[in-house]
Amino acid sequence: EVQTEKIINNYTILENSTSKLIKQICSTFEEFLIHSIVYVTSYSALILPRSAFQEMDSLKKAYFPNVQEICQNCFDGLYAIFSIRTPKLKILRESAFSGCLSLCDVDINKVE
């Protein structure tokens with residue numbers, strides 16, 4: 001399966017080759033068909049807000065090298081996600097990974 005990589009507003013998004021854009025490329029990734037995103041990363045994000053990845057059903061991997069806090073329900077219900085890398089994570093809020101049944105690779109060593 002071929003994947004297309006797009007860099008938008010400090011986010012890197014890998015999109016399945018069969019997915020369709022619902023709008024032209026703009027400044028935020030919310031304007032894309034969010035159900036087709038399989039990988040997301042941000043080098044500038046320090047906090048991942050509540051329900052940030054809601055409805056991203058196809059999301060499999062996430063990498064946030066500078067994130068220090070993951071808020072409540074951030075990845076809630078993402079059954080496909082198996083890897084969330086946040087090497088600087090210090091604060092993990094309640095139910096951040098609720099329903100992430102495939103999750104097997106996550107950094108929580110530095111959580112206070």
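The values are calculated or read from the model by the stated rules, or taken from the named source; none is laboratory data. Just so we're clear, the structure is a prediction, and the values are computed from it rather than from any experiment. Cβ coordinates were reconstructed from backbone atoms using ideal geometry, including for glycine residues, and neighbour counts include every protein chain displayed.
Before moving on, here are some points about what is shown:
- For segment 63-112, the set of residues classified as under 15 Å from the mean Cα position of the chain (by Cα) and of a type in the set (S, T, N, Q) consists of 66, 68, 72, 73, 83, 86, 98, 102, listed by residue number.
- Residue count for segment 80-100 satisfying the condition of being loosely packed, with under 13 Cβ neighbours inside 10 Å and of a type in the set (A, V, I, L, M): 0.
- Screening segment 12-67 for residues that are of a type in the set (Val, Ile, Thr) and in a loop (DSSP other than H, G, I, E, B) and picking the one that is modelled with the highest pLDDT gives 67.
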